[in-house]
Structure formats: C-alpha cells, structure tokens
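Asker: One structure coming up, written as structure tokens, with questions to follow.
The values are calculated or read from the model by the stated rules, or taken from the named source; none is laboratory data. It should be emphasised that the depicted structure is a prediction, and the values quoted were computed from it without experimental measurement. Here Cβ is always computed from backbone atoms with ideal geometry, including for glycine, and neighbour counts include all displayed protein chains. Heavy atoms of the whole protein, side chains included, go into the accessibility calculation; ligands, DNA and RNA do not. Shrake-Rupley method; radii C 1.70, N 1.55, O 1.52, S 1.80 Å.
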Amino acid sequence: MRIFVIGAGQVGSTVVEALHAEHELTVVDNEPSRLRGIAERFDVVTYEGDGTSRRDLARAGVSSANLVIACTSRDEVNLVAGMFARREATGAIIVIRTSNVEYVELWRGGQLDVDSVVSSELETAHAISRIIGVPAARQTDVFAEGQVQIVEFDVQEGASGDVVGRPLRDAQAPRDSKVAAIIRDEKTLLPGGEDVIGAGDRIVVIGSPQAAQMWSELLSPGESRVRDVVIFGAGRVGTAIARALLDQGIGVRLIDASREQARRAAEAFPKARVYNATGVEPDFLERERIGQAQAGIFAMRDDAKNQYAASLAKVHGIPFTIGIAHEAVSVAAFEQAGVDVSVNPRGVTAEEIVRFAHDPRTQQIALLEGHRYEVLDVTTRPTSRYVGSKFRDMPIHGALIGAIVRDGTAIFPHGDDVLESGDRVIVFTESADAARVVEAL
C-alpha cells in the first residue's frame with residue numbers, strides 16, 4: 001500500500017515505525033530536522049513541504065496514495081491537508097488527527113469530507129476508562145463491541161496461587177479466558193499447558209470482560225472496583241476523561257488551577273465536584289480528603305507537574321495513579337517515579353490510525369509493549385487453510401488465537417472447536433509477523 005503521512009512529529013513517527021516494513025511510505029513535513037530523523041531510522045521517502053499547500057502535496061506525489069494520514073499537531077493543517085488530499089488522491093482513504101472533539105462530531109454528522117477523524121482526547125479517555133475498569137491492568141483494550149477484552153498485567157508477589165506458581169493446565173483460571181503470552185526477562189512465550197506464571201512476569205490475557213475482572217482480583221487480591229476518581233487538570237484531555245468516567249457511573253472530582261477552566265468544567269459536569277486549586281497544596285489535599293480517592297488521574301499539560309502531583313498524591317494516600325505522558329520519553333520517567341500506569345495520547349492516537357493500513361479484513365488492532373506485539377481482529381477467508389480445522393490441530397507459528405466472534409457473539413474456543421469461514425479471529429502475534437498471520441487467516 002502507498003501511504004502518505006503528513007506530519008513527522010511523535011504521532012507521525014510512531015505511525016511510520018509501525019508501517020514502514022510492509023508499506024511504501026512518503027512523509028511530508030516543513031521541519032527538515034524531523035524529516036532527517038525519520039530518514040535516518042526508516043527506509044521511507046521524505047519531502048519538505050507544507051501540508052496546507054495543494055502544490056506541495058501534488059509535488060510530493062499524493063495523487064498516487066492509497067491512504068493519506070494527516071497527523072500534525074495542528075488541527076487546521078490536518079483539515080486542509082485532508083481536503084486537498086481528497087481532491088488529489090482519487091479513491092484514497094483519508095484519515096485526519098484532531099485535538100478537538102467538536103471536529104469528530106462534525107465528521108459524524110457528515111460535514112467533513114474525510115473517511116475518519118481520530119481524536120487524541122477521545123482515544124486517551126477511552127484508554128483510561130478501560131484501565132479504571134480493571135484496576136490491576138497495566139494496559140487494556142476491548143474488541144468485538146466490548147465482548148472481548150485484552151489485558152496486560154504485571155504479576156506481583158502475593159498474587160493468588162490459583163493461577164501463579166503452577167502449570168497452566170492445573171491453574172484455576174477464569175473461564176472464557178486464555179493467557180496469550182508470558183513476557184519474562186524481555187522474552188515472550190506463547191504458553192502451553194506445562195508453562196508456569198511466576199511473580200515478576202508480565203502476562204497478556206484475552207477473555208470476556210467478566211474474566212478480565214476475575215484475573216484482576218486474582219493478581220491483586222483485595223483491590224476493589226474503582227468508584228471514586230480525582231482528575232488533576234480540566235483541559236481538553238481531563239474533561240474528555242471526566243465525561244467517559246461519569247458515563248460509567250464513576251464518581252469524579254476535578255482539580256484545575258485556572259479559574260476559567262474550573263468554571264467551565266463545573267458548568268459542563270454538574271454531577272462532578274470541581275475545585276479551583278493547584279492540587280499540590282498539602283492543606284488542600286488534607287481538607288478535601290483527596291487521598292481517600294481510589295484513583296488519581298494526572299492530566300495537566302506539563303509532564304513534570306503530572307509526575308510531581310502523582311508522587312504527592314501517593315504520599316497522601318491515593319493507591320492507584322495514572323499519568324498522562326505527553327512526551328514519549330516521560331513514560332519511562334513516570335514508571336521510575338512510581339506512577340502505576342502512564343498513557344501517551346499521541347501513542348494511543350497512532351495506534352488507532354495504524355489500523356487503516358492493515359488488510360481490509362482487519363477491523364481493529366491493539367499495540368503492546370512498545371509496538372513489539374499486536375492483537376488483531378481479523379475475519380477469516382473461505383480459502384484459509386485453517387478453516388474447518390480444530391483449534392488443537394492448527395497452530396499458527398508465532399501467534400495465538402484467544403477468541404472468535406461468530407454471528408455477532410464472542411466465543412472463547414477450546415481444542416475441539418472448529419474455525420469457520422467468516423469468523424472474526426482475535427489473535428495475538430509479534431508485530432513483525434502480523435502481515436504473515438493475517439495472510440494465513
């Protein structure tokens with residue numbers, strides 16, 4: 001596929017990293033230093049130009065593109081680039097990134113002539129709401145209209161002996177779930193019945209949402225479902241998160257140092273408690289019993305402030321912290337500082353964009369462990385050699401099928417179940433093998 005990426009910032013470079021091996025890419029940006037960095041790392045064509053210039057796009061060869069991704073940090077550039085690409089690249093899929101939820105609403109109303117609009121704020125809010133739903137999760141995603149959940153757990157000391165320290169064939173694992181991978185010492189194992197989960201491992205589980213909750217309870221005994229959350233920062237990201245959590249029936253408190261942002265948040269969310277405060281004054285934290293919240297989400301615009309506020313909140317008693325890491329380098333810093341989970345908005349945005357470059361039979365994709373692994377939702381072809389085979393008889397090298405969706409219903413297959421043509425397969429694989437796995441199916 002010929003893919004045209006407009007914007008070589010963090011989102012653009014993440015998209016290029018995920019797609020360059022399997023596709024022919026051209027990257028356009030008006031910053032030469034960004035293009036040099038891309039060209040040094042990947043075998044792609046780069047073009048120094050303006051995404052809002054129809055002439056520059058034409059000279060860069062946008063007319064030959066099958067997919068155009070406008071993912072700069074400026075909404076207006078992406079909108080204009082998408083409009084020009086629609087006129088120049090006949091038949092191409094046009095995807096634009098936005099930081100304004102209103103543009104998503106306009107697109108849904110048919111008022112933007114592009115194929116998809118991906119909002120960083122909405123993708124971040126969705127990612128966090130899924131994590132809040134499974135408190136022990138390091139990362140989680142949902143497939144098949146919410147019927148299948150993929151969860152990444154760190155296995156801590158004190159996890160239940162029902163699943164830890166014994167062969168998987170003897171483990172009392174939740175029904176409707178499968179351990180797709182055990183990650184140990186930077187090595188990944190697609191486990192069999194004789195393999196054992198141990199403390200210090202990281203595991204990937206594919207199962208029903210109910211099974212995901214049960215795994216969370218087994219791996220973090222005594223950790224209750226989150227009902228009370230404090231969000232630090234009432235900007236676009238913070239308010240998108242607040243809306244998603246309130247829709248789930250979770251109690252929300254919002255803190256923002258800006259009087260105007262706090263006022264707008266109070267008007268928008270009458271069911272939430274909103275404070276005009278920095279959130280780092282010890283007197284305020286004690287007086288308002290902020291430490292009694294079950295989780296704190298740190299969504300201010302400055303990563304250093306998020307890290308400091310999360311550390312202070314831990315001191316005051318908040319047991320579970322999620323930090324918004326606007327820069328990719330902050331993810332590791334947050335982890336070292338003791339922030340339980342970090343979410344990079346540009347990363348989750350890139351993950352949503354990447355799926356448009358996959359085989360049309362791929363309905364969804366989740367990226368794990370720094371894009372080393374993928375979970376794919378792929379519809380099987382009638383000609384697949386695996387159709388008609390029992391699951392125990394059809395090992396796909398380097399991949400594991402955790403669930404299938406048949407006639408709209410999720411099935412968590414056992415050895416005697418048979419794969420049928422048209423089944424949607426939820427499969428875990430290394431990213432390097434993803435194209436081969438999709439082709440086999």
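The rows are residues; the columns are (1) buried (at least 24 other Cβ atoms within 10 Å of the Cβ); (2) farther than 30 Å from Asn100 by Cβ; (3) not basic (Lys, Arg).
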| site | (1), (2), (3) |
| --- | --- |
| Leu189 | no, yes, yes |
| Pro209 | no, yes, yes |
| Glu217 | no, yes, yes |
| Arg225 | no, yes, no |
| Arg243 | no, no, no |
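Asker: Can I ask one more? Might you let me know whether segment 425-433 holds any residue that is touching a Gly at 6+ places or on another chain (Cβ under 9 Å), open to solvent by 10 Å² or more (accessible area, probe 1.4 Å) and without any contact (Cβ under 8 Å) to a residue 40 or more places away in the chain?
Answerer: yes
Asker: Then there is this: Find all pairs meeting these conditions: Cβ atoms under 6 angstrom apart; at least six residues apart or on different chains; first residue within segment 382-394 and touching a residue at least 12 places away in the same chain (Cβ under 8 Å); second residue open to solvent by 30 Å² or more (accessible area, probe 1.4 Å) and among the β-branched types (Val, Ile, Thr).
Answerer: Lys390/Val418
Asker: Would you point out which residue out of Arg169, Arg138, Arg130 is assigned to a helix (DSSP H, G or I) and touching a residue at least 24 places away in the same chain (Cβ under 8 Å)?
Answerer: The match here is Arg169.
Asker: If you go through segment 246-255 one residue at a time, do you hit one that is in contact with a strand residue (DSSP E or B) (Cβ under 7 Å, 6 or more places away or on another chain), open to solvent by 40 Å² or more (accessible area, probe 1.4 Å), at pLDDT 90 or above and within 16 Å of Ile132 (Cα to Cα)?
Answerer: yes
Asker: For segment 136-149, name all the residues that are farther than 21 Å from Arg225 by Cβ and either among the hydroxyl-bearing types (Ser, Thr, Tyr) or open to solvent by 40 Å² or more (accessible area, probe 1.4 Å) (or both).
Answerer: Passing the criteria: only Glu145.
Asker: For segment 183-190, indicate whether the set of residues that are under 19 Å from Arg130 (Cβ atoms) and out of contact with any helix residue (DSSP H, G or I) (no Cβ under 6 Å at 6 or more places or on another chain) is non-empty.
Answerer: no
Asker: Give the residue, chosen from Val101, Val114, Val142, that is more than 21 Å from Ile69 (Cα to Cα), in contact with a helix residue (DSSP H, G or I) (Cβ under 8 Å, 6 or more places away or on another chain) and of a type in the set (A, V, I, L, M, F, W, C).
Answerer: Only one candidate qualifies: Val142.
Asker: Can I ask one more? Would you confirm, using the coordinates I've provided, whether Lys271 is out of contact with any strand residue (DSSP E or B) (no Cβ under 7 Å at 6 or more places or on another chain) and open to solvent by 50 Å² or more (accessible area, probe 1.4 Å)?
Answerer: yes
Asker: Restricting to segment 411-424, name every residue that is open to solvent by less than 20 Å² (accessible area, probe 1.4 Å) and either touching a residue at least 24 places away in the same chain (Cβ under 8 Å) or closer than 21 Å to Glu351 by Cβ (or both).
Answerer: Correct list: Leu419, Asp423.
Asker: Related question: Looking at Glu152, Glu121, Glu194 in this structure, which one is open to solvent by 60 Å² or more (accessible area, probe 1.4 Å), at pLDDT 85 or above and among the acidic types (Asp, Glu)?
Answerer: Answer to the check: Glu194.
Asker: Just for helices (runs of 4 or more DSSP H) wholly inside segment 180-290: which have at least 2 residues that are within 22 Å of Gln139 (Cα to Cα)?
Answerer: Helices (runs of 4 or more DSSP H) meeting the threshold: 209-219, 236-247.
Asker: While we're here: Filter segment 164-191 for residues that are over 21 Å from Glu369 (Cβ atoms) and over 23 Å from the mean Cα position of the chain (by Cα) and give the result.
Answerer: Gly165, Arg166, Pro167, Arg169, Asp170, Ala171, Gln172, Ala173, Pro174, Arg175
Asker: Moving to a separate point now. Inside segment 85-118, can you point out the residues that are more than 18 Å from Thr349 (Cβ to Cβ), in a helix (DSSP H, G or I) and open to solvent by less than 10 Å² (accessible area, probe 1.4 Å)?
Answerer: Correct list: Ala85 only.
Asker: Quick check on this structure: which one of Arg253, Arg289 is under 16 Å from Phe232 (Cα atoms) and over 25 Å from the mean Cα position of the chain (by Cα)?
Answerer: Only one candidate qualifies: Arg289.
Asker: Name the single residue, out of those in segment 379-404 being surrounded by fewer than 16 Cβ atoms within 10 Å (Cβ to Cβ) and of a type in the set (S, T, N, Q), that is farthest from Ser116 (Cα to Cα).
Answerer: Among those residues, the one meeting the criterion is Ser389.
Asker: Out of all the residues in segment 66-76, is one or more farther than 23 Å from Thr124 by Cβ, β-branched (Val, Ile, Thr), in contact (Cβ under 8 Å) with a residue 40 or more places away in the chain and open to solvent by 50 Å² or more (accessible area, probe 1.4 Å)?
Answerer: Checking segment 66-76: not a single residue is farther than 23 Å from Thr124 by Cβ, β-branched (Val, Ile, Thr), in contact (Cβ under 8 Å) with a residue 40 or more places away in the chain and open to solvent by 50 Å² or more (accessible area, probe 1.4 Å).
Asker: On the given criteria, is Val229 among the hydrophobic types (A, V, I, L, M, F, W, C), at pLDDT 90 or above, under 26 Å from the mean Cα position of the chain (by Cα) and closer than 23 Å to Val405 by Cα?
Answerer: For Val229, the condition - among the hydrophobic types (A, V, I, L, M, F, W, C), at pLDDT 90 or above, under 26 Å from the mean Cα position of the chain (by Cα) and closer than 23 Å to Val405 by Cα - is not met.
Asker: Let me ask something additional. Filter segment 1-55 for residues that are surrounded by fewer than 21 Cβ atoms within 10 Å (Cβ to Cβ) and among the small types (Gly, Ala, Ser); which is nearest to the chain's Cα centre (by Cα)?
Answerer: Of everything passing the filter in segment 1-55, Gly9 is nearest to the chain's Cα centre (by Cα).
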